[in-house]
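Following: one structure in structure tokens, then a few remarks.
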Amino acid sequence: MKKTVRRFLALAMTFAMLGASAESSEVTIPRELYEQYKKIQTLLEIEKIVEENYYEEVDVETLLDGAAAGMLNSLEDPYTFYYTADAYSEYMEHQSGEYAGIGIQISTSYITRLSTISRVFAGSPAEEADVHRGDILYQVEDVIVTPETIQDAVNIMRGTPGTTVQVTFIRGEEMLEKTVLRAKINMNRVESCMLEGDVGYIRLWEFAGTCAQQFEEMLNSLMEQGMKGLILDLRDNPGGLVNDAVSIGDLFLDEGILTYIEYRDGTRHDYTTTDGSVDIPLVIMVNENSASCSELLTGALRDRLGSRVVGVNSFGKGVVQYLLPVDVKGNAMQLTIAQYFTPNGTAVHHVGIAPDRVVELPEGDNGMYMLGDMADAQLAAAWDEMQTILK
């Protein structure tokens, strides 16, 4: 939006210099440009009135950012939105998997009002400080953590490597006050272990960064250890980059369609896999937070390999977004451009993936188990499902 406004103003000034005489204030501009101006005339008028009459000084850049965000919000699509330069920079930092902090991922609930540690990154200061998955983040320095203050708490925990931050956690009935070092964090998006009976287990947290490479390395390691079957855990995986899902799916699938997307005009684009695959029985785990690429990959492995799915119905995000910069200042936008389907033509959006074996967590169980803990009812069911396949 900002780019459109600036382009109009720049072109208008150019035509003014070219077409206006010294005695006349009239300017001749192309009709296409005039039609564009009419579309944004109200916006420009509002901006001018606010700038001249608001009771405090205003930042025009902030007004234009708000206008751009409002335009995308009007689509009422939760996956289409506007990034300011700062927000876009934070997003790209997350995609790279590197930042300076203590090495935790947090899940905040507006219902319970609690912020739970959902992940502790391997080799991080938080791991060294004995922070556990499932701990409650209670206080950071002098900030009591609530859904409203969680971003403030996160900002405090991030900082210069080598400095420390005071963080208080709750574990059961115990209050744990810790001085945690800040360091450069590398987000490991894949974890693995071998379960009883030579059943391999890989938990994939997100399709981003170097996850495809990490996944293949862990798969090969499990194969070398004599793995007979693999449990692929996609619970709480919100998705990410389609190409990463294709790369991981390609490890298990020969030549064919992994997924296809359809645009508004009906055109279609296929994402395909190539020959050469690992022949290993698969059981896939999903839950209500498994979305997007998690569903895309699950659908492909079930359609083409008959892989069993265990857990509860997945989230149901079956649309694809395009991320693009919109000006030279670093602002960007994300726009939903297409819908994807499984190889058999099944739509996922607003529907999700229904498991073959429904297993809900017991009441009061938050699912915050350590890697490979068989006290996890859903993992135990997936292991049991694998035993049925291996017989």
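The values are calculated or read from the model by the stated rules, or taken from the named source; none is laboratory data. Bear in mind the structure is a predicted one, so any value in this text is a computation, not a measurement. Every residue, glycine among them, receives a Cβ derived from its backbone with ideal geometry; neighbour counts consider all protein chains shown.
If you go through the range 349-386 and keep only what is among the small types (G, A, S), within 25 Å of the chain's Cα centre (by Cα) and surrounded by fewer than 15 Cβ atoms within 10 Å (Cβ to Cβ), you end up with just A354.
For the subset of the range 257-279 comprising residues that are in contact (Cβ under 8 Å) with a residue 60 or more places away in the chain and among the β-branched types (V, I, T), which member is surrounded by the most Cβ atoms within 10 Å (Cβ to Cβ)? For the range 257-279, the residue satisfying everything is T259. For the range 122-142, give me the residue count where each residue is crowded, with 16+ Cβ neighbours inside 10 Å, of a type outside the set (S, T, N, Q) and farther than 15 Å from M368 by Cβ. Here the count works out to 4.
Yes/no per residue for (1) in the same structural domain as I111 (by TED's automatic domain parsing); (2) among the hydroxyl-bearing types (S, T, Y); (3) under 22 Å from the mean Cα position of the chain (by Cα):
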residue: E127; (1), (2), (3): yes, no, no
residue: G159; (1), (2), (3): yes, no, no
residue: M194; (1), (2), (3): no, no, no
residue: R203; (1), (2), (3): no, no, yes
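May I ask you to say which residue of V278, V242 is closer than 21 Å to V319 by Cβ, aliphatic (A, V, I, L, M) and not assigned by TED's automatic domain parsing to the domain that holds I106?
Step by step, each of V278, V242 is checked, and only V242 is closer than 21 Å to V319 by Cβ, aliphatic (A, V, I, L, M) and not assigned by TED's automatic domain parsing to the domain that holds I106.
When you check D65 against the structure, is it assigned to a loop (DSSP other than H, G, I, E, B) and either in contact (Cβ under 8 Å) with a residue 60 or more places away in the chain or touching a Leu at 6+ places or on another chain (Cβ under 8 Å) (or both), yes or no? Criteria not met by D65.
Of the strands (runs of 3 or more DSSP E) lying entirely inside the range 157-263, those containing at least 2 residues that are on the phi < 0 side of the Ramachandran plot and acidic (D, E) span 174-181.
Just the residues that are farther than 23 Å from Q95 by Cα and among the β-branched types (V, I, T), please, taken from the range 275-334. Answer for the range 275-334, where residues must be farther than 23 Å from Q95 by Cα and among the β-branched types (V, I, T): V278, I280, V283, I284, V309, V310, V312. One residue is enough: does the range 377-385 have a residue meeting the conditions modelled with pLDDT of 95 or more, assigned to a loop (DSSP other than H, G, I, E, B) and not β-branched (V, I, T)? No: the range 377-385 contains no residue that is modelled with pLDDT of 95 or more, assigned to a loop (DSSP other than H, G, I, E, B) and not β-branched (V, I, T).
Return yes when F252 is under 17 Å from the mean Cα position of the chain (by Cα), in the same structural domain as V312 (by TED's automatic domain parsing) and either surrounded by 15 or more Cβ atoms within 10 Å (Cβ to Cβ) or among the β-branched types (V, I, T) (or both) and no when it is not. Break it down into steps so the answer makes sense when it comes.
Values: under 17 Å from the mean Cα position of the chain (by Cα): no; in the same structural domain as V312 (by TED's automatic domain parsing): yes; either surrounded by 15 or more Cβ atoms within 10 Å (Cβ to Cβ) or among the β-branched types (V, I, T) (or both): yes.
In short, no.
Return the residues of the range 171-189 that are over 15 Å from E127 (Cβ atoms) and under 27 Å from the mean Cα position of the chain (by Cα); say none if nothing qualifies. Answer for the range 171-189, where residues must be over 15 Å from E127 (Cβ atoms) and under 27 Å from the mean Cα position of the chain (by Cα): just R189. Please tell me if A122 is touching a residue at least 40 places away in the same chain (Cβ under 8 Å), part of a helix (DSSP H, G or I) and under 26 Å from R235 (Cα atoms). Spelling it out, it is not the case that A122 is touching a residue at least 40 places away in the same chain (Cβ under 8 Å), part of a helix (DSSP H, G or I) and under 26 Å from R235 (Cα atoms). When Y99, Y88 are checked against the criterion of being touching a helix residue (DSSP H, G or I) at 6+ places or on another chain (Cβ under 9 Å), more than 16 Å from Q166 (Cα to Cα), of a type outside the set (D, E) and modelled with pLDDT under 90, Y99 stands alone in meeting it.
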